[in-house]
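The values are calculated or read from the model by the stated rules, or taken from the named source; none is laboratory data. Computed from a predicted model, the values in this text were never measured in an experiment. Virtual Cβ from ideal backbone geometry, glycine too; neighbours counted across all protein chains shown.
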Amino acid sequence: MENNQRSGSRGALIVLEGLDRSGKTSQSCRLLSYLEGLGHPVESWRFPDRNTGVGQMISSYLANKSELDDHAIHLLFSANRWEKRSLMENKLRSGTTLIVDRYSFSGVAFSSAKGLDIEWCKKAAERGGYGGERYEQLEFQRKVARSYQILHDASWKTIDAYLPIKDVEKQLQEVVLDCVTTCQKGKPLSQLWSS
């Protein structure tokens, strides 16, 4: 760990975002196996993390066992990520690559698709993924897709999930290997959005 911190080397944060049932979880597992096979230290994470206290509240909401205001559930998803932030940063700084199935962009995309202001969602989420059973209706997924288009920036690498699974896997491997190599060369950790 000390050597990685001195040289600037770090693990990569690989986030797979997308609509429900687009293959994120399957591809996360495949990427994990691929990078492990190349000898990279790597872990697979998923948000929401339903094992935490906040995650259990989210799980109840997603299973339609509780009702919450849209602002409140957005903040719970954000809090769920904050619960893991220190551990995440420590792992990245120590050289471990994290493959994350949904992160902040999902939270913003899903909440803004429900009608919340996208800028409020971004600020509420990260200034201090979402997904699941409740949101799997087709029309709602179309709204989420439009929100992702608004959120898209130059750091994103887009892969068409409609391609055959092996083609998606191959493209992901190429993109991720490039990212891991760049991070190992000392690319600093950065913020999701600047304003």
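Please work out which residue is nearest to VAL175 (Cα to Cα), limiting yourself to region 29-47 and to residues that are in a helix (DSSP H, G or I) and out of contact with any Leu (no Cβ under 9 Å at 6 or more places or on another chain).
Restricting to residues being in a helix (DSSP H, G or I) and out of contact with any Leu (no Cβ under 9 Å at 6 or more places or on another chain), the top hit is LEU32.
If you take the residues in region 107-150 that are among the aliphatic types (A, V, I, L, M) and either farther than 23 Å from THR25 by Cβ or loosely packed, with under 13 Cβ neighbours inside 10 Å (or both), which one is modelled with the lowest pLDDT?
Going through region 107-150, the residues among the aliphatic types (A, V, I, L, M) turn out to be 108-109, 113, 116, 118, 124-125, 138, 144-145, 150.
Retained after the next criterion (residues that are either farther than 23 Å from THR25 by Cβ or loosely packed, with under 13 Cβ neighbours inside 10 Å (or both)): 116, 118, 124, 138, 150.
Details: LEU116: 94, ILE118: 91, ALA124: 78, LEU138: 67, ILE150: 86.
So the residue we want is LEU138.
Answer yes or no as to whether VAL180 is in contact with a Gly (Cβ under 9 Å, 6 or more places away or on another chain), at pLDDT 85 or above and over 18 Å from SER111 (Cβ atoms).
Numbers: in contact with a Gly (Cβ under 9 Å, 6 or more places away or on another chain): yes; at pLDDT 85 or above: yes; over 18 Å from SER111 (Cβ atoms): yes.
Here the answer is yes, as VAL180 does meet what is asked.
So ASP160 ticks every box in (1) surrounded by fewer than 12 Cβ atoms within 10 Å (Cβ to Cβ); (2) closer than 16 Å to VAL100 by Cβ; (3) not β-branched (Val, Ile, Thr) but one. Which box is left unticked?
For ASP160, the failing item is (2).
Looking at this structure, is ARG6 assigned to a helix (DSSP H, G or I), modelled with pLDDT under 95 and under 14 Å from the mean Cα position of the chain (by Cα)? Give the derivation first.
Details: assigned to a helix (DSSP H, G or I): yes; modelled with pLDDT under 95: yes; under 14 Å from the mean Cα position of the chain (by Cα): no.
Answer is no for this residue.
Here is a list: ASP70, ASP49. Which entry is surrounded by fewer than 19 Cβ atoms within 10 Å (Cβ to Cβ), charged (D, E, K, R), under 26 Å from PHE140 (Cα atoms) and touching a helix residue (DSSP H, G or I) at 6+ places or on another chain (Cβ under 6 Å)? So that I can check it myself, show each step before the final result.
Values: ASP70 fails: touching a helix residue (DSSP H, G or I) at 6+ places or on another chain (Cβ under 6 Å).
Selected residue: ASP49, the only one of ASP70, ASP49 that is surrounded by fewer than 19 Cβ atoms within 10 Å (Cβ to Cβ), charged (D, E, K, R), under 26 Å from PHE140 (Cα atoms) and touching a helix residue (DSSP H, G or I) at 6+ places or on another chain (Cβ under 6 Å).
Can you find even one residue in region 87-97 that is of a type in the set (A, V, I, L, M, F, W, C) and under 20 Å from SER22 (Cα atoms)?
Initial filter on region 87-97 (of a type in the set (A, V, I, L, M, F, W, C)): 87-88, 92.
Filter again for under 20 Å from SER22 (Cα atoms), leaving none.
No, there is no match, as no residue in region 87-97 is of a type in the set (A, V, I, L, M, F, W, C) and under 20 Å from SER22 (Cα atoms).
Residues being part of a strand (DSSP E or B), farther than 12 Å from PHE47 by Cα and of a type in the set (Val, Ile, Thr): count how many of those fall in region 82-114. Reasoning before the result, please.
Of the residues in region 82-114, the ones part of a strand (DSSP E or B) are 97-101.
Applying the additional criterion that residues be farther than 12 Å from PHE47 by Cα yields 97-98.
Retained after the next criterion (residues that are of a type in the set (Val, Ile, Thr)): 97.
So the answer is 1.
What residue, of LEU16, LEU38, LEU62, LEU31, is among the aliphatic types (A, V, I, L, M) and under 12 Å from the mean Cα position of the chain (by Cα)?
Working: LEU38 fails: under 12 Å from the mean Cα position of the chain (by Cα); LEU62 fails: under 12 Å from the mean Cα position of the chain (by Cα); LEU31 fails: under 12 Å from the mean Cα position of the chain (by Cα).
Step by step, each of LEU16, LEU38, LEU62, LEU31 is checked, and only LEU16 is among the aliphatic types (A, V, I, L, M) and under 12 Å from the mean Cα position of the chain (by Cα).
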